[in-house]
Ligand SMILES: Cc1cc2nc3c(=O)[nH]c(=O)nc-3n(C[C@H](O)[C@H](O)[C@H](O)COP(=O)(O)OP(=O)(O)OC[C@H]3O[C@@H](n4cnc5c(N)ncnc54)[C@H](O)[C@@H]3O)c2cc1C
């Protein structure tokens, strides 16, 4: 049930189709003191090789409803709905806000967890709120976007309140309008297609084709997509660190200035310059032949293989550039594991 195709079996497994199912699963776990592990599409988790001594709660709450008029729309999506069809429906209705998030795997309920983003858009820009089962109070609560603690690939669901809320539904607020075209790669792709005044559908198609070239659209026929997408986040460094980086690098260092003066540096660039080329192979794991940021299960890899390669990359990037990469996926079932501790360490 994971896109990496890695992970031990669940001791208990339950598929929740309603918020009441989530409440029942929570009460069952509380009564037996059993840990509860929430699983959506399994596209952003690295699950330990040993079995999970807990209840894996697979979120399968369905339903998508578009309402509104005069170019405004509210979309209510069950957390278990697949994400990309929702993007497609919005684009086909002429609603802007999600077009650059085309092709991201996983569930609607998974999108607020790390505030998914791509090509200059983040889902938090379109989320009006979420409904969630609050394990602290045992109630279903409505949280407005401002209460979700969204940041770059993060939210309160992933960090400060990890494990507390089970997202049952997501409400999106969309508007008719032009597509967002800000990201250089997307602009290049549209120019290559010689599309004048691209619309939402053109942008969705362009995003999907750039993503496919990078192995970032799930495809059983493409072994480079057996991953969690980007394994490391792009580090955001101070202007001083960025200048230091430029001083030790032979060519120009790519960097995206942030509003606060910091600079976001592509992790992919650091990884390649630290000696890990696309297609790098180490036993059953390796890097995608299309993108150095995706760690790929080449068949029969274990979670340990993934952790060890990730740790080697992190160490080499730190040695070469003094920058500590931080992983993007969530690690499940690794209590106290030294490799995971090292991977999550920040400097
Ligand atoms: C090929 C590929 C490309 C990708 N590209 C991108 C990209 O461009 N941008 C990006 O941001 N991400 C990307 N990802 C990562 C991933 O697809 C997203 O983070 C996605 O939103 C995860 O959703 P999921 O349902 O698969 O979550 P899962 O992997 O099932 O879970 C991830 C975490 O969220 C929690 N969770 C999931 N659902 C719920 C819920 N309903 N309530 C509470 N907690 C929940 C889980 O407990 C876990 O901690 C990519 C992944 C792959 C494999």
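Looking across 21, 49, 84, one residue alone is away from the ligand (no atom under 14 Å from the Cβ) and at pLDDT 95 or above. It is 49.
The numbered conditions (1) under 22 Å from residue 256 (Cβ atoms); (2) modelled with pLDDT under 95 are all true for residue 159 except (1).
Under the condition of being within 16 Å of the ligand (Cβ to nearest atom) and surrounded by 18 or more Cβ atoms within 10 Å (Cβ to Cβ), the residues counted in segment 169-182 number 5.
Among the numbered conditions (1) within 9 Å of the ligand (Cβ to nearest atom); (2) assigned to a loop (DSSP other than H, G, I, E, B), the only one that residue 166 does not meet is (2).
The condition (being within 25 Å of residue 120 (Cβ to Cβ) and touching a strand residue (DSSP E or B) at 6+ places or on another chain (Cβ under 7 Å)) is satisfied by just one residue among 252, 257, 292: 257.
The residues of segment 105-124 that are within 23 Å of residue 17 (Cβ to Cβ) and near the ligand (Cβ under 7 Å from one of its atoms), listed by number, are 105, 106, 107, 109, 110, 111, 113. Of all residues in segment 65-92, those being over 21 Å from residue 179 (Cβ atoms) and either crowded, with 20+ Cβ neighbours inside 10 Å or touching a helix residue (DSSP H, G or I) at 6+ places or on another chain (Cβ under 7 Å) (or both) number 4.
The number of residues in segment 209-223 being more than 9 Å from the ligand (Cβ to nearest atom) and not in a loop (DSSP other than H, G, I, E, B) comes to 5. Pairing each residue of segment 1-16 that is under 24 Å from residue 62 (Cβ atoms) with any residue that is at pLDDT below 95 and more than 11 Å from the ligand (Cβ to nearest atom), provided the two are 6+ apart or on different chains, yields C-beta distances under 6 Å for 10/52.
Looking only at segment 131-159, filter to residues that are farther than 26 Å from residue 90 by Cα, assigned to a loop (DSSP other than H, G, I, E, B) and in contact (Cβ under 8 Å) with a residue 60 or more places away in the chain; which one of those is nearest to the ligand (Cβ to nearest atom)? That would be 158. Restricting attention to segment 220-245, the residues being more than 21 Å from residue 306 (Cα to Cα) and either surrounded by 12 or more Cβ atoms within 10 Å (Cβ to Cβ) or touching a residue at least 40 places away in the same chain (Cβ under 8 Å) (or both) number 9.
Against the definition (out of contact with any helix residue (DSSP H, G or I) (no Cβ under 7 Å at 6 or more places or on another chain), touching a residue at least 60 places away in the same chain (Cβ under 8 Å) and more than 10 Å from the ligand (Cβ to nearest atom)), how does residue 192 come out, yes or no? When the stated conditions are applied, residue 192 does not pass them. Of the residues making up segment 100-130, those that are surrounded by fewer than 22 Cβ atoms within 10 Å (Cβ to Cβ) and assigned to a strand (DSSP E or B) are 117, 118, 122, 128, 129.
The values are calculated or read from the model by the stated rules, or taken from the named source; none is laboratory data. Here the structure is a predicted model, which is why all the values come from computation and not from measurement. Please note: Cβ atoms are built from the backbone with ideal geometry, for glycine as well, and neighbour counts cover all protein chains shown.
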